[in-house]
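Every number in this text was worked out from the coordinates using simple rules, so none of it is lab data. The model shown is predicted, which means the values in this text are computed figures rather than measured ones. Note that we place each Cβ from the backbone using ideal geometry, even for glycine, and neighbour counts take in every protein chain shown.
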Amino acid sequence: MNKRWTIDKIRTFVNNNSDSKLLSTEYHGFSQKLLFKCACGNNFEKTFTKFNKNNQRKCDTCQPPKAPRGQEQ
Ligand SMILES: [Zn+2]
């Protein structure tokens with residue numbers, strides 16, 4: 001069941017599924033924090049798991065980590 005992600009696949013995914021850009025050039029595993037550049041210009045770090053599964057695809061300014069009550073996705 002393990003999907004094999006490589007840095008190239010992740011970069012393509014990021015380009016296709018978000019307004020952010022991937023700045024990291026190496027991927028060592030799902031627990032690694034990757035560096036992204038948000039569309040607003042902020043850099044942010046996030047694991048790819050969060051980026052992918054939790055839809056956290058922007059920086060904390062554009063998308064605060066905790067959604068207001070009742071609006072969690
Ligand atoms: Zn942002």
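Site pair residue 62 and residue 47 shows an inter-label distance of 2.3 nm when each label is modelled 7 Å from Cα along Cα→Cβ. Picking from 13, 25, 43, whose Cα lies most toward the positive end of the charge dipole for the chain (charges on Cβ: Lys, Arg +1; Asp, Glu -1)? Comparing the listed Cα positions along the dipole, 13 ranks first.
Here the alpha carbons of the chain define both size measures, Rg and Dmax, at 12.3, 37 Å. Each stretch of four or more DSSP H residues adds -39500 (n - 2.57); spread over every residue of the chain, this sum gives -6500 deg cm²/dmol at 222 nm. Take the Cβ atoms of residue 40 and residue 12, set R0 to 30 Å, and the FRET efficiency comes out at 0.85. Summing Cβ point charges (Lys, Arg +1; Asp, Glu -1) relative to the Cα centre of the chain gives a dipole of roughly 160 debye. In percent, rounded to a whole number, the relative contact order of segment 5-52 is 27, using alpha-carbon pairs under 8 Å and six or more apart. Which angle from 0 to 90°, rounded to the nearest 10, does the C-alpha axis of helix 7-17 make with the longest principal axis of the chain? Roughly 40 degrees, rounded to the nearest 10. So, R0 is 22 Å and r is the distance between the beta-carbons of residue 3 and residue 23; what FRET efficiency does that work out to, to 0.05? Here the calculated transfer efficiency is 0.50.
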